[in-house]
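First comes the structure, then the notes that go with it.
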Amino acid sequence: MGLFSFGKKKKKPARACELEGSLLEYGEGYLLTSAQIIKSKRFWDNKMIEPETLAYSKAHFEKNDEMGTKMRTMIFQKYSSKDKPWLVGDGQVTQFEIDRDKAREYAREWWESGFTFTPPEVGAADQILDEQEFSEWKEYAVMKAGEEQLRKIG
């Protein structure tokens, strides 16, 4: 402890929302699993037309481009394969049909445990969901997500 740190409160750690980067203070946010993340049409429709993914989606839908489809598949894998929980902020949690009170409680437990708590059904989505449900969400995310929104924005 340094000479000038006497009497100062130790600052609690902060973490970023893992979906969009906003800073969450100690105890804030919601803890979701990969299965919960991938089971949202709203999430995928938004994700696949973000500036970072828009070119892949345009290539996929407008040109039936194999590389665009491949990149969309890789984006899906990024979100479906994480075996640790996702810390999500207020601005992102509205995309998911989950029990928000439970997800907030899990986040508090995660903070208090020093980031070691894991909620039930944590793990890669293909290990948690049955094969058919996982395949349906993958099909939507890779082949369909963002198509209507792209038509609207031209």
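The values are calculated or read from the model by the stated rules, or taken from the named source; none is laboratory data. Quick caveat, the model's predicted, so the values are computed rather than measured. In this analysis, Cβ positions are derived from the backbone assuming ideal geometry, glycine residues included, and neighbour counts consider all displayed protein chains. For the accessible areas, the whole protein counts, side chains as well, though only heavy atoms, and no ligand, DNA or RNA atoms are used. Shrake-Rupley method; radii C 1.70, N 1.55, O 1.52, S 1.80 Å.
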Helix-only [θ]222 nm of the chain, DSSP H runs n ≥ 4, -39500 (n - 2.57) each, per residue, nearest 500:
-13000 deg cm²/dmol
So which residue, out of 107, 125, 55, gets the largest mean-square fluctuation from a GNM of the chain using Cα contacts under 10 Å as springs?
55
With the other protein chains left in place, how much accessible area per residue, in square angstrom, belongs to the chain at a 1.4 angstrom probe?
63 Å²
If Lys and Arg each add +1 and Asp and Glu each add -1, what is the summed charge of the other residues whose beta carbon sits under 13 Å from the beta carbon of residue 133?
-4
Gain in length, residue 152 to residue 97, computed as 0.36 nm per residue apart minus the alpha-carbon separation, to one decimal in nm?
17.3 nm
Taking all protein chains in place and a 1.4 Å probe, what share, in percent, of the accessible surface of the chain do carbon and sulfur account for?
49 percent
Checked against the positive end of the charge dipole of the chain (+1 on Cβ of Lys and Arg, -1 on Cβ of Asp and Glu, about the Cα centre), the farthest of 106, 23, 79 is 23
For the chain, with +1 on Lys and Arg beta carbons and -1 on Asp and Glu, the positive-most of 134, 49, 69 along the dipole
49
Can you tell me how much longer the chain between residue 14 and residue 108 gets when fully stretched, taken as 0.36 nm per residue apart minus their C-alpha distance, in nm with one decimal?
32.6 nm
Kirkwood Rh, angstrom, the stretch 62-104 [1 / mean 1/r, Cα pairs]
12.9 Å
Calculated Rg and Dmax of the stretch 76-140 using C-alpha coordinates, Å:
12.8, 37
For the chain, find the longest principal axis of its Cα atoms and tell me its angle to the long axis of helix 100-112, 0 to 90°, nearest 10.
50 degrees
Taking the Cα centroid of the stretch 128-145 and of the stretch 80-127, what is the distance between the two, rounded to the nearest whole Å?
20 Å
So if R0 is 41 Å, what FRET efficiency would residue 90 and residue 58 give, r being the distance between their Cβ atoms, rounded to the nearest 0.05?
0.85
What FRET efficiency would be calculated for the residue pair residue 130, residue 50, taking the C-beta separation as r and a Förster radius of 25 Å, to the nearest 0.05?
0.30
Just the ratio, please: alpha-carbon radius of gyration of the chain over 2.2 N^0.38 Å, N its number of residues.
1.23
Could you state the angle between the C-alpha long axis of helix 66-80 and the longest principal axis of the C-alpha atoms of the chain, as a value from 0 to 90 degrees rounded to the nearest 10?
30 degrees
Just list whichever of 12/47; 12/82; 41/82; 82/152 have alpha carbons separated by over 24 Å in the model shown.
12/47; 12/82; 82/152
